Amino acid sequence: ADGTAAEHRTRVTLVDGEVVFAEELTIPTAWSDLARIGVRFGADIGLDRLRWLGLGPDETYPDRRAAATFGLWRTTVAEQYHPYVVPQEYGAHVDTRWLELTDRRGAGLRIAGDEPLVMTARPHRDADLAAATTLAELDPSTAIDVHVDAAVRGLGTGACGPDTAPRHLVGSGRHRFTWRLGPTST
């Protein structure tokens, strides 16, 4: 309505068998409290094994990471799910160097950042999480929802407790990051 818009530019190159995405997102000053800044795509539902190098073993966010340990973690995409009473954001991993989604044989995708990023792989789409008011209304998607983010907001909302500390808010400005997509080496 006010003409304010974000700008997103992506430069795509092929380097040594990987697709390299150089992302630049410019967020207007009017947008001061965003959930995340990054890209999202769907992956084949058969790529249900998850492995990553970063903080774990549980989900981590900018304001919820103190109990995490840096390491190599393995689980399934389904095990990322946390049944919050009201369906909501879950499954992010801050400070992730790379993440792999594979099938039972180990074949699949490897996503890596040129610097640590926030990566999420889960069986629910953002829109489905936002629309559901109870767990009974939440069905898994037909694809794995993957996020590769430069920034993710802290978890507080002020709805039933304190809001996120200002340092964990995601706001306006220019955000640049580079990530790579390629096959896993089996």
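The values are calculated or read from the model by the stated rules, or taken from the named source; none is laboratory data. If you're wondering where the values come from, they're calculated on a predicted model, not measured in any experiment. Here Cβ is always computed from backbone atoms with ideal geometry, including for glycine, and neighbour counts include all displayed protein chains. Heavy atoms of the whole protein, side chains included, go into the accessibility calculation; ligands, DNA and RNA do not. Shrake-Rupley method; radii C 1.70, N 1.55, O 1.52, S 1.80 Å.
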Theoretical gain in end-to-end length, residue 107 to residue 184 [0.36 nm per residue, Cα-Cα removed]: 27.1 nm
Hz values of 3J(HN,Hα) by residue in region 160-166 - Karplus curve (6.51, -1.76, 1.60), Gly and Pro given as x: 8, x, x, 7, 4, 4, x
Net charge dipole size for the chain [Lys, Arg +1 and Asp, Glu -1 on Cβ; Debye, nearest 20]: 460 debye
Accessible-area value, residue 117, 1.4 Å probe, nucleic acids and ligands omitted, Å²: 10 Å²
Förster radius 25 Å - calculated FRET efficiency between residue 157 and residue 75, Cβ distance, rounded to 0.05: 0.40
Accessible area (Å², per residue) of the chain, counting only protein heavy atoms and a probe of 1.4 Å: 54 Å²
For Cα extents along the principal axes in Å, calculated from these coordinates, the label among (1) 76, 43, 22; (2) 47, 39, 33; (3) 121, 54, 22: (2)
